[in-house]
Protein chains: 2
Amino acid sequence: MQLFHSHFSPFARKVMVVAHEHGLAESLELLPTAAHPVKRDGTILARHPLAQVPTLIDETGRAIADSRVICEYLDTRAGGGLFPEAGQARWIALNDQSTADGMLDAALLIRYELTARPESERSSAWIAAQQAKIESGLASFEGIAEALAGRVDIGTIALGCALGYLDLRFAEIVWRAAHPALGAWYEAFAARPSMMATRPPAA
Amino acid sequence: MQLFHSHFSPFARKVMVVAHEHGLAESLELLPTAAHPVKRDGTILARHPLAQVPTLIDETGRAIADSRVICEYLDTRAGGGLFPEAGQARWIALNDQSTADGMLDAALLIRYELTARPESERSSAWIAAQQAKIESGLASFEGIAEALAGRVDIGTIALGCALGYLDLRFAEIVWRAAHPALGAWYEAFAARPSMMATRPPAA
């Protein structure tokens with residue numbers, strides 16, 4: 001299989017964490033990308049209309065975009081385990097993934113605002129709204145941090161990638177001080193081999 | 001159950017189409033919302049950190065955000081059918097949902113740009129990039145329109161809601177002329193009772 005990839009994309013990292021958890025990383029050929037919020041990557045676009053990173057090309061040539069779908073696809077191929085079967089555990093994991101991905105979407109919108117627009121076109125109100133979403137997510141996870149311990153599923157993987165992205169791109173958000181339980185959870189989770197193997201290079 | 005809802009939200013519409021397909025619409029109490037891209041709705045925020053429309057509150061008081069998760073949750077409660085079991089049909093349906101949702105995300109980003117910012121802070125390059133994503137999605141679905149016929153799953157439901165939103169908010173995108181096969185598919189799909197029952201009011 002091939003994966004349109006970037007070492008700086010937190011959504012690509014989710015896919016790679018899943019791959020490492022299942023011992024599938026060696027079966028993914030990583031394709032370099034030039035995806036950008038305004039200038040699309042024509043090579044990815046030729047395979048999938050979203051032209052996003054990550055996009056997976058499987059052995060049949062089929063293109064699958066969207067980290068959620070790619071992660072579930074890889075998990076299913078490997079026999080499952082990271083997407084719990086239908087029941088309470090599944091809805092908790094998927095809902096946590098949504099919250100973590102929502103924090104990442106907000107973080108990326110701030111990043112695009114600051115890197116893809118001239119200063120005159122930036123909106124401080126828009127940035128503040130995205131920051132508020134990140135803060136709400138952090139507070140929510142802080143409240144359930146004890147229940148996260150021991151869970152390795154798509155919810156906690158997404159959360160780990162979201163917190164890693166804050167550390168990479170938003171060092172000014174000193175989130176650990178106000179969220180000590182979440183910080184303790186992350187310290188343990190980030191030590192997993194799958195997380196260590198997918199750490200982004202220094203920004 | 002309760003659903004934070006708006007008649008103008010295409011993602012809330014996805015949830016309601018699923019509910020109607022399964023005869024569950026009557027079991028959802030619709031809660032009015034004031035969600036806005038910059039001013040968050042405090043009532044939803046008190047239940048879920050994303051403060052998004054749609055957000056579902058089930059009988060146990062649990063809040064689930066994100067149309068994808070809510071739709072799968074309702075489908076599972078009803079015995080399934082709209083999220084195919086793992087296999088080719090599932091990946092096709094989920095990938096189509098991603099593409100349709102990606103078109104909607106792009107459309108909403110254009111809408112936010114035009115409604116939540118003063119004119120001086122708008123970026124024509126950003127808007128053009130979102131329009132390009134919508135166009136790529138339309139072209140992709142036009143290419144597979146014949147294979148969509150007869151499919152009623154989360155992929156086609158998401159696509160129907162995406163096309164309906166273009167008609168609601170982007171009447172200037174005359175998509176049917178360049179995508180006649182997709183237009184024909186949509187005409188038939190939009191006549192389903194679930195789609196008729198969830199049509200947004202005139203903008």
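Rule-based calculations on the coordinates, nothing more; no lab input. Keep in mind it's a predicted model, so treat the numbers as computed, not measured. With ideal geometry, Cβ positions are generated from the backbone for all residues, glycine too; neighbour counts draw on all protein chains shown.
For A:Lys133, go through the lysines and keep the ones whose alpha-carbon is under 17 Å away, minus same-chain ones fewer than eight residues off.
Reachable lysines: B:Lys39.
Provide the FRET efficiency to the nearest 0.05 for the B:Ala46-B:Glu85 pair, computing r from the beta carbons and using R0 = 41 Å. Walk me through the intermediate numbers first.
Details: r = 36 Å, r/R0 = 0.88.
Calculated transfer efficiency: 0.70.
Sort shortest first the distances from B:Ser124 to its counterpart in every other copy, using label points 7 Å along the Cα-to-beta-carbon line, and give them in nm.
2.7
Can you tell me what share of the DSSP beta bridges in segment A:2-77 is antiparallel? A percent to the nearest 5 is fine. The partial results should precede the final answer.
Numbers: 6 of 9 bridges.
If I count the DSSP bridges inside segment A:2-77, around 65 percent turn out antiparallel.
So who's got an amide H within less than 5 Å of the one on A:Leu31, skipping anything under 5 residues away but keeping other chains? H placed 1.01 Å off N, in plane.
Amide H neighbours of A:Leu31, under 5 Å, 5+ apart: A:Leu3, A:Phe4, A:His5.
Report, in deg cm²/dmol and to the nearest 500, the calculated mean residue ellipticity at 222 nm for chain A, where each DSSP H run with n ≥ 4 adds -39500 (n - 2.57) and the sum is divided by the residue count.
Numbers: 10 runs with 113 residues, N = 203.
It lands at -17000 deg cm²/dmol.
Relative contact order of chain B: what whole-number percent is it, with Cα pairs under 8 angstrom and at least 6 residues apart?
Values: 250 pairs, mean separation 49.4, N = 203.
Once normalised by length, the contact order is 24 percent.
Whole Å is fine, so just give me how far the alpha carbon centre of segment A:138-181 lies from that of segment B:150-203.
38
Taking a point 7 Å out from Cα toward Cβ as the label site, list the nm distances between A:Asp58 and the same residue in every other copy, smallest first.
So the label point of A:Asp58 gives 2.8 nm to the other copies.
May I ask you to sort A:Ser194, A:Ser67 by Cβ crowding, counting other Cβ atoms within 10 Å and putting the fewest first? Display every interim value, and only then the final one.
Values: A:Ser194 20, A:Ser67 29.
Lowest count first: A:Ser194, A:Ser67.
Taking the Cβ of B:Phe83 as the center, what net charge do the other residues with Cβ under 9 Å away carry, scoring Lys and Arg +1 and Asp and Glu -1? Please list the in-between numbers first.
Details: positive: B:Arg90; negative: B:Glu72, B:Asp75, B:Glu85, B:Asp153.
Result for the local shell: -3.
Could you tell me which of B:Ala19, B:Leu82, B:Leu30 has its Cα farthest along the dipole of segment B:10-84 towards the positive end, charges placed at Cβ (Lys, Arg +1; Asp, Glu -1), taken about the Cα centre?
The residue sitting most towards the positive pole is B:Leu30.
At 7 angstrom along the Cα-to-beta-carbon line, where would the label on A:Glu146 sit relative to the other copies? Give the distances in nm, shortest first.
Taking the point 7 Å beyond Cα along Cα→Cβ, the inter-copy spacings are 6.1 nm.
Name the chain A residue nearest the rotation axis between A and B, going by Cβ position, and give the distance in whole Å.
Nearest-to-axis residue on chain A, with distance in whole Å, is A:Glu121, 3.
Hey, could you pull the Cα Rg and Dmax for segment A:102-150, both in Å?
Both quantities, over Cα of segment A:102-150: 13.8, 46 Å.
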